[in-house]
Amino acid sequence: MARRCASGRRQTEADVFWWFEQGGRYVRCEIRFVSDGYAFVVTGPDGVERVEEFNDSQELSKRQAALERELATKGWTGPHGWNI
């Protein structure tokens, strides 16, 4: 049985984030586990955060791959990653 922390999330779940870099600017991508599935959070170099929610991990994976391809074609390097 997974234990829950104060936020209600299971302690076995961890947010995942990675980033892309271009000329000292960064785009941060993050997957957060939410009650109904996943939140895909993309923070642009201007600090603006976009959130897309998915309840299907395959759809999330397709969206992630599409964004990574888009960034690569625009000259961004990465992904560089970290798990927290």
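Bear in mind these aren't lab numbers, they're just calculated from the coordinates by the rules spelled out. Keep in mind that this is a model prediction, so the values were computed, not measured.
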- Item | Cα-derived Rg to Rh of the stretch 16-78, Kirkwood definition | 0.98
- Can you give the relative contact order of the stretch 16-78 as a percent, counting alpha carbon pairs under 8 Å and 6+ residues apart? 28
